[in-house]
Amino acid sequence: MKLAPFPIQFVLSHPSLPFDVFNVQGHLLLAAGQPIDAQTRQQLSRWALYADATLSQAWRRELANRAVARQGGDEPEEFDEDELRQRARRLNLSQQWMLLVLALESALREPQPDGAWVREALAVRQRARRLAEALPDASTCHLVHVGGTTTHLYSCHQALRSMVVAGACARALGWSEAQVASLECAALTMNVALRPLQDMLAQRDAGLSAGLRWQVAQHPREAAKLLAAAGVADPVWLGAVLLHHDAAVGALPPAGLTPAQQAAQLLRRVDIFGAKLSRRGRRAPLSGLRAVRETCLGPDGQSDAIGAALLQAVGLYPPGSFVRLASGEAALVLARGSRVNAPRVGAFTGADGALLALPRLRDTAQPAFAVKAALDAAQVPERPDHEQLLALLR
C-alpha cells in the first residue's frame, strides 16, 4: 500500500471516510467508516495525515467531480446552476476552494492530447470565477492565507490564486472579458508541465541541480506544447503561458505590446506576487506589505500600470496577511477598505497577545484601529480560526 498525504480539511468536513487514515509512520489513526466526532477531529488535527494513495485519490476525484460541473468523457455528469448553488451552500468557503484545488490537480495530472484535461480545467475556471465574483475579498483572503500556512498541493493553489488576482487586475485595467478569460485560463495551466516537480520543490530547502534548473526553465515551452496538442488555439492563452517567465517580455514598455505579451507581463507579476506570499520549505512567506512593495513599486516608490492595478485588486495589505493595529491587537486582513492602506480586518488577539474568545471586525480607517505594522508569519505564534474570521465578513 502506497500512502499519500491526506488533507485535514476532509476530516473536518465529513462524518466518516471510506478508507483508513494513518500518520507518517504508517500507524492507524482512523479506521474506515469510523464516525468522526469533535474529539476525533481535535486529535487528528495534531497529525500530518496519510491514506492509501489509490483509494483516497479516487474518492477525492469523485468528490471533485460532484462539486464541479465536469464536461467530456463517455458519461459526463452535468449540474444545473441551482444544484451547484445548493451544493455550495452546504460547504464553507475553505472547503469550496479546496475542492477546486483537488479538481484542478485531477485535471492537470494527465495532460493527454485528447483534450479532456483542458475541458476539466475550463470547468474549474468557470466554478472558480463564480465563487470569486460572489466573494472576491474572502476568496483572496483564503487563497493567500493557505499559501502562507501550507505547501500541500502548492502548484494548484498558486494557479488558482494567480487566476483570481490576475483576473481582478485585468478588469481594473479595463481588459475585455475575452482577454480576461484567456488570462485566467493561462494562470490555471501555466505550470501543467511542472506541477509534480513544483509540488515537490515547494516542500524542500535544497538548491536546484542543473537538471532541475533545466526543467524549470523549459516548463513554459512544454506547457504551451501540451496545450496546443490538446487543441488550444487561443493565441493569448498560449502566448501568456509561453512567456510568463520571460524577464525580457516583463521589462518591455506597455506601448506596442501584443495581447499575448500584455497577458504574459501581468501573469508574470502576479505569479511572483503569489510566490512571495507563499511558504516554501522552511522559508516563511513575506509579510503582505513587503510582498506588495516588492511587486508593485519601483525603486522610486512609484507603481507602473500593472502595479497600480495590483494595488487596486488587493490593497497595500492584501487579504490573508497579518497586521498589528494601533490598539495593539493582531489581526488578519479580511477585505479591502475605503483606502488601499485601510483594510477591514479581523482582530484575533488582544494587546496582551492572548487569543480573543471571539474575533472582532475592525475598520482600520478609524484611528484607534489603524494598521501600525505588517506582521510576518513568524510574528504570529497563535494562529486564528480562519473560518471564524471569514464569518465576520458575513
Original post:
Just to be sure, is A305 surrounded by fewer than 24 Cβ atoms within 10 Å (Cβ to Cβ), in the same structural domain as S182 (by TED's automatic domain parsing), within 22 Å of G148 (Cβ to Cβ) and among the small types (G, A, S)?
Top reply: no
Original post:
Taking region 270-298 on its own, how many of its residues are in contact with a Leu (Cβ under 7 Å, 6 or more places away or on another chain) and farther than 14 Å from V144 by Cα?
Top reply: 2
Subject >> strands (runs of 3 or more DSSP E) contained entirely in region 283-394, each with at least 2 residues that are polar (S, T, N, Q) >> reply: none
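Conditions tested, residue by residue: (1) surrounded by 21 or more Cβ atoms within 10 Å (Cβ to Cβ); (2) in contact (Cβ under 8 Å) with a residue 60 or more places away in the chain.
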| position | (1), (2) |
| --- | --- |
| V333 | yes, yes |
| R336 | yes, yes |
| N341 | no, no |
| A347 | yes, no |
| A357 | no, no |
| R360 | no, no |
| D363 | no, no |
| D385 | no, no |
| L390 | yes, yes |
Original post:
Within region 70-109, which residues are under 30 Å from L393 (Cα atoms), in contact with a Pro (Cβ under 9 Å, 6 or more places away or on another chain) and modelled with pLDDT under 50?
Top reply: none
**OP:** Consider only pairs whose beta carbons are under 9 Å apart and that are at least six residues apart or on different chains; among these, list those whose first residue lies in region 232-249 and is assigned by TED's automatic domain parsing to the domain that holds G274 and whose second residue is among the hydroxyl-bearing types (S, T, Y) and not in a helix (DSSP H, G or I).
**Re:** P235/T258; V236/T258; G239/T258
Original post:
From the set of residues in region 188-225 that are among the basic types (K, R) and farther than 17 Å from I272 by Cα, which is surrounded by the most Cβ atoms within 10 Å (Cβ to Cβ)?
Top reply: K225
Original post:
Here is a list of conditions, (1) within 15 Å of T140 (Cα to Cα); (2) part of a loop (DSSP other than H, G, I, E, B); (3) among the acidic types (D, E), and D271 meets all of them except one; can you say which number that is?
Top reply: (2)
**OP:** Mind telling me which of the residues R213, R221, R204 ends up being in the same structural domain as L153 (by TED's automatic domain parsing), at pLDDT 95 or above and out of contact with any His (no Cβ under 8 Å at 6 or more places or on another chain)?
**Re:** R221
Original post:
Does region 313-332 include one or more residues that are under 30 Å from L12 (Cα atoms) and among the aromatic types (F, W, Y)?
Top reply: yes
Original post:
Can you name the number of the only condition in (1) buried (at least 18 other Cβ atoms within 10 Å of the Cβ); (2) on the phi < 0 side of the Ramachandran plot that L153 fails?
Top reply: (2)
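Let's see how each residue does on (1) touching a helix residue (DSSP H, G or I) at 6+ places or on another chain (Cβ under 6 Å); (2) under 28 Å from S287 (Cβ atoms); (3) not in a loop (DSSP other than H, G, I, E, B):
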site: V144; (1), (2), (3): no, yes, yes
site: A178; (1), (2), (3): no, no, yes
site: L183; (1), (2), (3): yes, yes, yes
site: M200; (1), (2), (3): no, yes, yes
site: R204; (1), (2), (3): no, yes, no
site: Q218; (1), (2), (3): no, no, yes
**OP:** Those residues that are in contact with an Asp or Glu (Cβ under 9 Å, 6 or more places away or on another chain) and either under 20 Å from V146 (Cα atoms) or of a type in the set (V, I, T) (or both), I need them from region 356-390; list them, please.
**Re:** P359
Subject >> Residue selected from region 37-68 under the condition β-branched (V, I, T) and surrounded by 14 or more Cβ atoms within 10 Å (Cβ to Cβ), by the criterion modelled with the highest pLDDT >> reply: T40
Original post:
Do we have any residue at all in region 314-328 that's surrounded by 24 or more Cβ atoms within 10 Å (Cβ to Cβ) and of a type in the set (S, T, N, Q)?
Top reply: yes
Original post:
Can you name the condition, by its number, that A134 falls short on among (1) free of Cβ contacts under 8 Å to residues at least 24 places away in the same chain; (2) of a type outside the set (K, R); (3) buried (at least 20 other Cβ atoms within 10 Å of the Cβ)?
Top reply: (3)
**OP:** Just one of (1) over 18 Å from G115 (Cα atoms); (2) part of a helix (DSSP H, G or I) trips up T151, so point out which.
**Re:** (2)
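The values are calculated or read from the model by the stated rules, or taken from the named source; none is laboratory data. No experiment lies behind these values; they were computed from the predicted model shown. Don't worry about glycine lacking a Cβ; one is built from the backbone with ideal geometry, like all the others, and counts go over all protein chains shown.
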